[in-house]
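Before any comments, here is the structure.
The values are calculated or read from the model by the stated rules, or taken from the named source; none is laboratory data. Since this is a predicted model, take the numbers as computed values, not measurements. When we count neighbours, we look across all protein chains shown, and the Cβ atoms used for this are built from the backbone with ideal geometry, even at glycine. The protein model used for the area step is the full one, side chains on, heavy atoms only, and it has no ligands, DNA or RNA in it. Shrake-Rupley method; radii C 1.70, N 1.55, O 1.52, S 1.80 Å.
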Amino acid sequence: LLIVRDAVVRRCVVRFFYAGRDREVEPWGMLLRDGSWYLTGYDRVRSDRRTFRIDRMESAVDVGPPGEVEIPADVDLTTSLPDDPMMLGADHHRVRTARVIVSARRARPAIADLGAERVVQVHDDGSVEVDVPYANTAAMMSWVLGHLDDAVVVAPEDLRDDIVSHLRGLCR
(Lines give C-alpha, C1' and ligand atoms only; values in the text may rest on other atoms or scores of the structure.)
Protein backbone atom coordinates (compact mmCIF):
# COMPACT_ATOMS: atom_id res chain seq x y z
CA LEU A 1 0.00 0.00 0.00
CA LEU A 2 2.79 2.42 0.90
CA ILE A 3 4.75 1.56 -2.25
CA VAL A 4 1.70 2.25 -4.45
CA ARG A 5 0.91 5.47 -2.58
CA ASP A 6 4.49 6.66 -3.00
CA ALA A 7 4.37 5.84 -6.74
CA VAL A 8 1.19 7.89 -7.12
CA VAL A 9 2.73 10.88 -5.31
CA ARG A 10 6.00 10.66 -7.26
CA ARG A 11 4.16 9.92 -10.56
CA CYS A 12 5.97 6.65 -11.22
CA VAL A 13 4.80 3.86 -13.50
CA VAL A 14 4.13 0.66 -11.54
CA ARG A 15 4.39 -2.95 -12.71
CA PHE A 16 2.72 -5.93 -11.03
CA PHE A 17 0.88 -9.19 -11.71
CA TYR A 18 -2.93 -9.00 -11.38
CA ALA A 19 -5.74 -11.35 -12.41
CA GLY A 20 -3.23 -13.64 -14.09
CA ARG A 21 -1.61 -10.91 -16.20
CA ASP A 22 1.40 -8.64 -16.10
CA ARG A 23 0.31 -5.02 -15.70
CA GLU A 24 2.09 -1.76 -16.38
CA VAL A 25 0.06 1.10 -14.97
CA GLU A 26 0.34 4.87 -14.92
CA PRO A 27 -1.19 5.51 -11.49
CA TRP A 28 -3.58 8.43 -11.15
CA GLY A 29 -4.76 7.94 -7.58
CA MET A 30 -6.00 5.68 -4.83
CA LEU A 31 -9.46 5.24 -3.35
CA LEU A 32 -10.76 3.57 -0.21
CA ARG A 33 -14.08 1.75 -0.56
CA ASP A 34 -15.66 -0.52 2.04
CA GLY A 35 -12.33 -1.16 3.75
CA SER A 36 -10.36 -1.94 0.58
CA TRP A 37 -7.86 0.26 -1.24
CA TYR A 38 -8.00 0.62 -5.04
CA LEU A 39 -5.49 1.98 -7.53
CA THR A 40 -6.88 3.80 -10.55
CA GLY A 41 -4.79 4.59 -13.60
CA TYR A 42 -3.99 3.90 -17.20
CA ASP A 43 -3.12 0.26 -17.89
CA ARG A 44 -0.55 0.35 -20.70
CA VAL A 45 -1.00 -3.39 -21.38
CA ARG A 46 -4.77 -3.10 -21.86
CA SER A 47 -4.57 0.43 -23.33
CA ASP A 48 -7.40 1.55 -21.10
CA ARG A 49 -8.29 3.12 -17.76
CA ARG A 50 -8.48 0.45 -15.03
CA THR A 51 -9.05 0.14 -11.30
CA PHE A 52 -7.21 -2.52 -9.28
CA ARG A 53 -7.90 -3.69 -5.75
CA ILE A 54 -4.47 -3.35 -4.15
CA ASP A 55 -4.72 -6.38 -1.86
CA ARG A 56 -5.41 -8.56 -4.91
CA MET A 57 -2.12 -7.72 -6.60
CA GLU A 58 -0.42 -11.07 -7.10
CA SER A 59 3.20 -9.92 -6.98
CA ALA A 60 5.48 -7.30 -5.57
CA VAL A 61 5.06 -3.86 -7.13
CA ASP A 62 7.99 -2.63 -9.23
CA VAL A 63 8.24 1.15 -9.41
CA GLY A 64 9.71 3.11 -12.30
CA PRO A 65 11.54 6.43 -12.11
CA PRO A 66 9.70 9.53 -10.83
CA GLY A 67 7.92 11.94 -13.14
CA GLU A 68 6.95 9.45 -15.89
CA VAL A 69 3.19 9.84 -15.34
CA GLU A 70 1.05 12.76 -16.37
CA ILE A 71 -2.46 12.63 -14.95
CA PRO A 72 -5.03 13.73 -17.56
CA ALA A 73 -6.88 16.92 -16.65
CA ASP A 74 -10.28 15.24 -17.04
CA VAL A 75 -9.60 12.44 -14.53
CA ASP A 76 -12.17 12.39 -11.73
CA LEU A 77 -11.29 9.70 -9.20
CA THR A 78 -14.75 9.89 -7.64
CA THR A 79 -16.14 8.20 -10.76
CA SER A 80 -13.54 5.41 -10.75
CA LEU A 81 -15.62 3.12 -8.56
CA PRO A 82 -19.34 2.50 -8.95
CA ASP A 83 -21.65 3.26 -6.03
CA ASP A 84 -22.88 -0.34 -6.10
CA PRO A 85 -20.14 -2.76 -4.95
CA MET A 86 -21.73 -5.51 -7.05
CA MET A 87 -20.75 -3.53 -10.14
CA LEU A 88 -17.07 -3.21 -9.23
CA GLY A 89 -15.12 -4.42 -12.22
CA ALA A 90 -17.99 -3.92 -14.66
CA ASP A 91 -15.68 -1.98 -16.95
CA HIS A 92 -13.68 -5.12 -17.69
CA HIS A 93 -15.84 -8.02 -16.50
CA ARG A 94 -19.07 -9.27 -18.00
CA VAL A 95 -22.15 -7.98 -16.19
CA ARG A 96 -24.39 -10.90 -15.26
CA THR A 97 -27.85 -11.04 -13.75
CA ALA A 98 -28.86 -13.19 -10.79
CA ARG A 99 -32.45 -14.20 -10.20
CA VAL A 100 -33.08 -14.20 -6.45
CA ILE A 101 -36.19 -14.96 -4.40
CA VAL A 102 -36.37 -12.80 -1.27
CA SER A 103 -38.76 -13.72 1.54
CA ALA A 104 -41.74 -11.55 2.43
CA ARG A 105 -39.94 -10.53 5.62
CA ARG A 106 -37.02 -8.99 3.66
CA ALA A 107 -38.86 -8.06 0.45
CA ARG A 108 -39.38 -4.38 1.27
CA PRO A 109 -35.71 -3.66 2.20
CA ALA A 110 -34.52 -5.62 -0.86
CA ILE A 111 -36.75 -3.58 -3.17
CA ALA A 112 -35.59 -0.35 -1.50
CA ASP A 113 -31.97 -1.46 -2.05
CA LEU A 114 -32.37 -2.61 -5.66
CA GLY A 115 -35.23 -0.50 -7.01
CA ALA A 116 -38.77 -1.55 -7.92
CA GLU A 117 -37.76 -2.06 -11.54
CA ARG A 118 -35.77 -5.14 -10.48
CA VAL A 119 -38.90 -6.96 -9.26
CA VAL A 120 -39.86 -9.72 -11.69
CA GLN A 121 -42.67 -11.26 -9.69
CA VAL A 122 -44.47 -10.82 -6.38
CA HIS A 123 -45.55 -14.20 -4.98
CA ASP A 124 -48.78 -14.87 -3.08
CA ASP A 125 -46.83 -15.30 0.17
CA GLY A 126 -45.35 -11.79 -0.19
CA SER A 127 -41.92 -12.93 -1.31
CA VAL A 128 -40.44 -11.29 -4.38
CA GLU A 129 -38.40 -12.54 -7.27
CA VAL A 130 -35.80 -9.99 -8.32
CA ASP A 131 -33.16 -9.68 -11.03
CA VAL A 132 -29.88 -8.40 -9.63
CA PRO A 133 -27.13 -7.26 -12.02
CA TYR A 134 -23.56 -7.90 -10.88
CA ALA A 135 -20.01 -7.93 -12.19
CA ASN A 136 -18.36 -8.73 -8.87
CA THR A 137 -19.24 -12.25 -7.77
CA ALA A 138 -17.84 -11.82 -4.24
CA ALA A 139 -19.97 -8.72 -3.67
CA MET A 140 -23.03 -10.49 -5.07
CA MET A 141 -22.46 -13.45 -2.75
CA SER A 142 -22.10 -11.04 0.16
CA TRP A 143 -25.42 -9.37 -0.73
CA VAL A 144 -27.23 -12.72 -0.84
CA LEU A 145 -25.61 -14.00 2.36
CA GLY A 146 -26.47 -10.72 4.08
CA HIS A 147 -30.11 -11.78 3.80
CA LEU A 148 -29.27 -15.06 5.56
CA ASP A 149 -32.02 -17.61 4.92
CA ASP A 150 -34.34 -14.95 3.48
CA ALA A 151 -32.77 -15.04 0.00
CA VAL A 152 -32.33 -17.92 -2.42
CA VAL A 153 -30.45 -17.68 -5.72
CA VAL A 154 -32.50 -19.28 -8.48
CA ALA A 155 -30.02 -18.54 -11.28
CA PRO A 156 -27.34 -18.62 -12.49
CA GLU A 157 -26.56 -22.08 -11.26
CA ASP A 158 -22.81 -21.43 -10.90
CA LEU A 159 -23.47 -18.52 -8.51
CA ARG A 160 -25.77 -20.71 -6.43
CA ASP A 161 -23.10 -23.44 -6.41
CA ASP A 162 -20.43 -20.93 -5.32
CA ILE A 163 -22.60 -19.82 -2.40
CA VAL A 164 -23.30 -23.41 -1.34
CA SER A 165 -19.58 -24.25 -1.53
CA HIS A 166 -18.74 -21.17 0.51
CA LEU A 167 -21.26 -22.07 3.21
CA ARG A 168 -20.07 -25.69 3.32
CA GLY A 169 -16.51 -24.44 3.80
CA LEU A 170 -17.62 -22.42 6.81
CA CYS A 171 -19.15 -25.50 8.40
CA ARG A 172 -15.94 -27.53 8.34
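When the residues of segment 104-145 are filtered to those that are β-branched (Val, Ile, Thr) and closer than 19 Å to VAL164 by Cα, the one that is nearest to the chain's Cα centre (by Cα) is THR137.
Give segment 48-74 a look and list any residue that's assigned to a loop (DSSP other than H, G, I, E, B), under 18 Å from GLY20 (Cβ atoms) and not hydrophobic (A, V, I, L, M, F, W, C), or say none. Listed by number, the residues that qualify are GLU58, SER59.
Among residues of segment 109-128 being part of a loop (DSSP other than H, G, I, E, B) and modelled with pLDDT of 95 or more, the one that is least open to solvent (accessible area, probe 1.4 Å) is SER127. Cβ-Cβ contacts under 8 Å between residues 6 or more apart (or on different chains), taken from a first residue in segment 40-66 that is in contact (Cβ under 8 Å) with a residue 60 or more places away in the chain to a second residue that is open to solvent by less than 70 Å² (accessible area, probe 1.4 Å) and aliphatic (A, V, I, L, M), are listed as VAL63/ALA7; VAL63/VAL13; VAL63/VAL14.
Taken over segment 36-65, the residue count meeting the criterion of being out of contact with any Ser or Thr (no Cβ under 8 Å at 6 or more places or on another chain), surrounded by fewer than 13 Cβ atoms within 10 Å (Cβ to Cβ) and not basic (Lys, Arg) is 6. Restricting attention to segment 146-160, the residues being assigned to a helix (DSSP H, G or I) and either surrounded by 14 or more Cβ atoms within 10 Å (Cβ to Cβ) or over 23 Å from the mean Cα position of the chain (by Cα) (or both) number 4.
Tallying residues that are of a type in the set (D, E, K, R), assigned to a strand (DSSP E or B) and modelled with pLDDT of 85 or more within segment 25-47 yields 2. Just one of the listed residues (VAL45, VAL75, VAL69, VAL63) is within 27 Å of THR137 (Cα to Cα) and of a type in the set (A, V, I, L, M, F, W, C), and it is VAL45. Scanning segment 3-16 for residues that are open to solvent by less than 80 Å² (accessible area, probe 1.4 Å), hydrophobic (A, V, I, L, M, F, W, C) and out of contact with any Lys or Arg (no Cβ under 7 Å at 6 or more places or on another chain) yields VAL4, ALA7, VAL8, CYS12, VAL13, VAL14.
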